[in-house]
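Following: one structure in structure tokens, then a few remarks.
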Amino acid sequence: MGIGPSTKETTLHHFRDPLLNIVSGDEDLDLLGIIFVGTPQDNNDKHFMGQRTAAMAEMMRADGVIISVDGWGNSHVDYANTIAEIGQRGIPVVGLSFIGKQAKFVVKNKYMDTIVDFNKSIEGIETEVVGENNVIELDAKKALALLKLKMKKEDK
């Protein structure tokens, strides 16, 4: 398990990132920043990374967070932990991930209630087509809409 060709984001994808384009262009939100984190091997490091990421979001006084992961399996351990750390701080969080045919996470928590699956293959699997299973504009719009709903619910 790991990141295959179809879930790898190419350099061009990063330069034209649909999620960044959609969120930064939205007039209802102020984009505070982007946090890039790796996927540590050690479980203690995985938890530390999630705690630090959530602490940064909290220190920036983020009203909401969209978290995206470009892998699955073991990478979902970090992903789930980071989502939980953010959610435990009372910050609405929405995720983007390749799920596809596997249709489940290695680990899950109550804060993982709004995850947008960016699988694009008909079979629901990772393929050998570079960049086939990446976030597109529609995925980004779904994630943003879900985040706005969660943030609105938090305001009440």
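General observations
- J(HN,Hα) series, segment 104-118, from Karplus relation 6.51 cos²θ - 1.76 cosθ + 1.60, nearest Hz, glycine and proline x: 7, 9, 4, 9, 8, 8, 5, 8, 8, 8, 9, 10, 8, 7, 9
- Eligible lysines near K148 by straight Cα distance, threshold 23 Å, same-chain separation 8 or greater: K108, K110, K156
- Under 5 Å from the amide H of L96 lie the amide H atoms of I67, S68, V69, V116, each residue being 5 or more positions distant or on a separate chain, with H modelled from the backbone and absent for Pro and chain starts.
- Taking the chain and dividing mean pair separation by its residue count, relative contact order in percent (alpha carbons under 8 Å, at least six apart): 31
Read the figures in this text as sums done on the coordinates, not as results from a lab. Just so we're clear, the structure is a prediction, and the values are computed from it rather than from any experiment.
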